[in-house]
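Undergrad: Structure in structure tokens, see below.
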Amino acid sequence: MEKYGTLIFLLFSSFLDIRKREISIPVTLLFGLAGVAYSIKTGRTMTDYLIPAAIGIFIFACSILTRGQVGMGDGWLLMALGCMMRMESYIQTACIGMLLAAACSGILLLVFRKNKKTEIPLVPFLLLGYVGGMVI
């Protein structure tokens, strides 16, 4: 159930991020709360929350330091994913997703001559990272 719920959440959030360049905070909050309830039910330890929280806070800090060039909603989404997912799966998803986003940015800069102000949505890359982690 956890895998399918996360997949549906990432599909919905990817659609919003691509179409509207935004993340639904109410949906993300509900997903995060469901993740907390699921984690309590399955007996996850509090240490499993520390790395996802740190990554989410880091994204928040990047959003503040870059004056919104990095989306604060991405920080919320990463923290909500951390509430639902096991730490290993979370790190795998975040790393694969961010590496794919970085590769896409590099291609946009070098091949398509876009500038550094070009915005790309992060959530679709997290979705690809999640699906890639499921396949591996």
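Readers should treat all values here as calculations from the given coordinates under stated rules, not as data from a laboratory. A quick note: this is a predicted structure, and the numbers were derived from the prediction, not measured. Because the Cβ atoms are built from the backbone with ideal geometry, glycine has one as well, and the counts that use them run over all protein chains shown.
Undergrad: Can you list the HN-Hα couplings for the stretch 127-136, worked out from phi with the Karplus curve (6.51, -1.76, 1.60; θ = phi - 60°), rounded to whole Hz and with x for Gly and Pro?
TA: These are the phi-based 3J(HN,Hα) values: 4, 4, x, 5, 5, x, x, 5, 6, 5 Hz.
Undergrad: Could you give the longest part of the chain that holds none of the trypsin sites (Lys or Arg not before Pro) found in DSSP loops with at most 15 neighbouring Cβ atoms within 10 Å?
TA: 22-66
Undergrad: In whole Hz, what ³J(HN,Hα) sequence does the stretch 46-58 give by Karplus (6.51, -1.76, 1.60; θ = phi - 60°), x for Gly and Pro?
TA: In residue order, the calculated couplings are 5, 5, 5, 8, 5, 5, x, 5, 5, 5, x, 5, 4 Hz.
Undergrad: Let me ask something else about it. Sketch the reach of a paramagnetic label on Ala54 as a point 7 Å from Cα along Cα-to-Cβ, and name the residues of the stretch 64-83 whose backbone nitrogen lies under 18 Å away.
TA: It comes to 75-76, 78-83, nothing else.
Undergrad: How far is helix 2-20 tilted, in degrees, relative to the longest principal axis of the Cα atoms in the chain, given as a value from 0 to 90 rounded to the nearest 10?
TA: 30
Undergrad: Multiplying the sequence separation of Glu2 and Val131 by 0.36 nm and subtracting their Cα-Cα distance, what value in nm do you get?
TA: 45.1 nm
Undergrad: Quick one: grab the alpha carbon gyration tensor of the stretch 59-136, order the square roots of its eigenvalues as a ≥ b ≥ c, and give me rounded if a/c is under 1.5, else prolate or oblate depending on whether a/b is larger than b/c.
TA: In terms of gyration-tensor shape, oblate.
Undergrad: Pairs of lysine in the chain with Cα under 26 Å and at least 8 positions apart or on different chains: total?
TA: Counting lysine pairs in the chain gives 5.
Undergrad: Follow-up. Only one of the listed values, (i) 1.01; (ii) 0.97; (iii) 1.26, was derived from the coordinates as Rg/Rh (Cα atoms, Kirkwood Rh); which label is it?
TA: For Rg/Rh (Cα atoms, Kirkwood Rh), the calculated option is (ii).
Undergrad: Return the sequence-ordered ³J(HN,Hα) values of the stretch 63-79 in whole Hz as given by the Karplus equation 6.51 cos²θ - 1.76 cosθ + 1.60 applied to θ = phi - 60°, using x for Gly and Pro.
TA: Karplus-based 3J(HN,Hα) across the stretch 63-79 equals 5, 5, 5, 9, 6, x, 5, 9, x, 5, x, 5, x, 4, 5, 5, 5 Hz.
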